[in-house]
1. Please name whichever of VAL483, ASN292, GLY176 sits farthest to the positive end of the charge dipole of the chain, dipole taken about the Cα centre and charges placed at Cβ: Lys and Arg +1, Asp and Glu -1.
2. Given just the C-alpha atoms of the chain, how large is their convex hull per residue in cubic angstrom?
3. In the stretch 36-138, what percent of the accessible surface is made up of carbon and sulfur (1.4 Å probe, ligands and nucleic acids excluded)?
4. May I ask you to give the percent of accessible area on the stretch 401-501 that is carbon plus sulfur, with a probe radius of 1.4 Å?
5. Using a probe of 1.4 angstrom, how much of the accessible area of the stretch 151-251 is carbon and sulfur, in percent?
6. Beta carbons within 10 angstrom, averaged per residue: use that to sort the peptides 104-110, 188-194, highest first.
7. Just read off the accessible area of HIS282 with the full protein assembly in place, 1.4 Å probe, to the nearest 10 Å².
8. Going down the list LYS351/LYS375; LYS276/LYS444; LYS407/LYS471; LYS44/LYS131; LYS195/LYS266, which pairs span over 23 Å between their C-alpha atoms?
Amino acid sequence: MMNKIRILMLEDSPEDAELVRNELEKTNVDFDIELTDNMYDFSKALDEFKPQIILSDYLIPNFSGLAGLEIAREKLPDVPYIFVSGHIGEDRAIEALRKGATDYVLKDRMTKLVPIIMRVLKDVGELNSRKLAEESLRQYEESYGVLFENNLAGIFNSTLEGKVFRCNHACVEILGYDSTEDLLSVPLPELYYNKQAGDVFISSVIENKTVKDIEVQLTKKNGDKIWALANIGVVHDSASDQMCIQGIIFDITERKIALEEIIKAKEKAEEADRMKSDFLAHVSHEIRTPLNVILSYHNMLRDELSSDIKEENDYMFNAIELAGRRLVRTIDLILNMSVIENGKMDLMLMKTNLYNVLKNMHEELYKFAEAKGLKLNLINKVAEPIVTTDLYIIEQVFQNLIENAVKYTNRGEIDVTIYRNISEEVCVDIKDAGIGITPEYITKIFQPFSQEETGYTRKYEGLGLGLALVKKYLDILGYKITVVSQKGKGSIFTVRFNNSK
Ligand code: ADP
């Protein structure tokens, strides 16, 4: 429902008021009319009734239409004030209009009243919408101004020829100028570290209309070079009503320097890594070669002298062999780890029968177990335990796990079992009856150089690299390893060939 239009009348004659009322009732518009005939009531009604339109007689006893107009203009300057009078002559009418009346209607031409009210209300509506639009434009410009001036990003406008005509405080700061005026005196291309590049860049902005997230080198007032991230476009400037270049720049010099340093540090680290790998390869060659000579001559000597060696001296030959093997193992571990860490691992995947791999290993390792009084058993529960793997890698994995089982077990048996789990995946358990692992250490067991026992009083030799290597190798192949253990009872390491085709 439409709101009623509030009309305040200043009229001392009830008959005349009735006349107006009758006229208004002829329309299909609802009016809410308040009638006053003195200054006090009229003034109060302006405050409380808040009319949208005022109809006023010219002559009122002890008051006057013109006095009413004056009060109304003061209190409600935008509300139309229409004189409805039988006595208003031309001179008075002109004076009334000059003093701010909106219009006048003669009482003997009452039919004109409603059209005049309608026209006046329409004018007021248009005026109000214009005022609203102007107000919201003003608010927008005000908040844009605050945003422009307080922005952390540098913002500037220049003509298409490169004359900067507006810039904010951040822009002045970033480019190290003393004031806005100081910066405005410099043509845009000259702010580029390389002026020619600046010219080219500006032409490309004008051609493409917008350039986003471009890194540019600018020059500060003192000649220093800075890096800026720029978003630049051609826009319409309403103040000057012309197309112009608008740019937003962020100073990214520190970020750029930090990035360059990170890249340099990375290159240095990569170079150091390369040198480390070369060094390790070199050193291992230098150790392996004489060591192989020692080990092979040791074997030859042992065979040659076998009949003459006294049984009590046999342990010396065993010690030389064990120490030699330990050295070879250590070098292999370090070398393999460095190959993995440099990402230089070349995989040769092929279908491999795990039983064959483990059988060969068993033949080689059971004598070491026996030397410690342990029994090493190989149990196969799978008809054809075929998995896809790299042979060298999988040998390294099981050699480490079985050697650890032997190393960390003092009595009892070690079972290496091939089986299928409930998901039909081929698995291998290496189960020992050794010293076991504490729950605290088990979470770190696959970290390089970690060992449960540390310090010179350690009972077991080793570098703490074997299991880290096992884990990395299995990660590369995409297979899993888990461990369950009980201190003093033993451990089970399980390798699971999940998803093996
Ligand atoms: P290393 O044996 O050279 O110390 P590993 O990486 O092979 O290095 O093993 C890390 C640590 O894990 C060992 O020092 C040991 O504390 C523990 N560990 C490995 N295998 C076993 C096992 N079968 N039983 C008990 N502890 C083990």
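The values are calculated or read from the model by the stated rules, or taken from the named source; none is laboratory data. The shown structure was predicted, so the numbers you read here are calculated from the model rather than taken from an experiment. Note: ideal-geometry Cβ built from the backbone for every residue, glycine included; neighbour counts use all protein chains shown. Heads up: the accessible areas ignore ligands, DNA and RNA and are worked out on the full protein's heavy atoms, side chains in. Shrake-Rupley method; radii C 1.70, N 1.55, O 1.52, S 1.80 Å.
1. Going by the charge dipole, the pick is ASN292.
2. Cα convex hull per residue, to the nearest whole number: 371 Å³.
3. On the way: 3130 of 5780 Å².
Of the solvent-accessible surface of the stretch 36-138, carbon and sulfur hold 54 percent.
4. Taking all protein chains in place, the stretch 401-501 shows 52 percent carbon and sulfur surface.
5. Numbers: 2730 of 5310 Å².
Of the solvent-accessible surface of the stretch 151-251, carbon and sulfur hold 51 percent.
6. On the way: 104-110: 15.0, 188-194: 18.3.
Top to bottom by mean Cβ count within 10 Å: 188-194, 104-110.
7. For HIS282, solvent-accessible area is about 120 Å².
8. Working: LYS351/LYS375 30 Å; LYS276/LYS444 26 Å; LYS407/LYS471 19 Å; LYS44/LYS131 27 Å; LYS195/LYS266 33 Å.
Among LYS351/LYS375; LYS276/LYS444; LYS407/LYS471; LYS44/LYS131; LYS195/LYS266, the Cα-Cα distance tops 23 Å for LYS351/LYS375; LYS276/LYS444; LYS44/LYS131; LYS195/LYS266.
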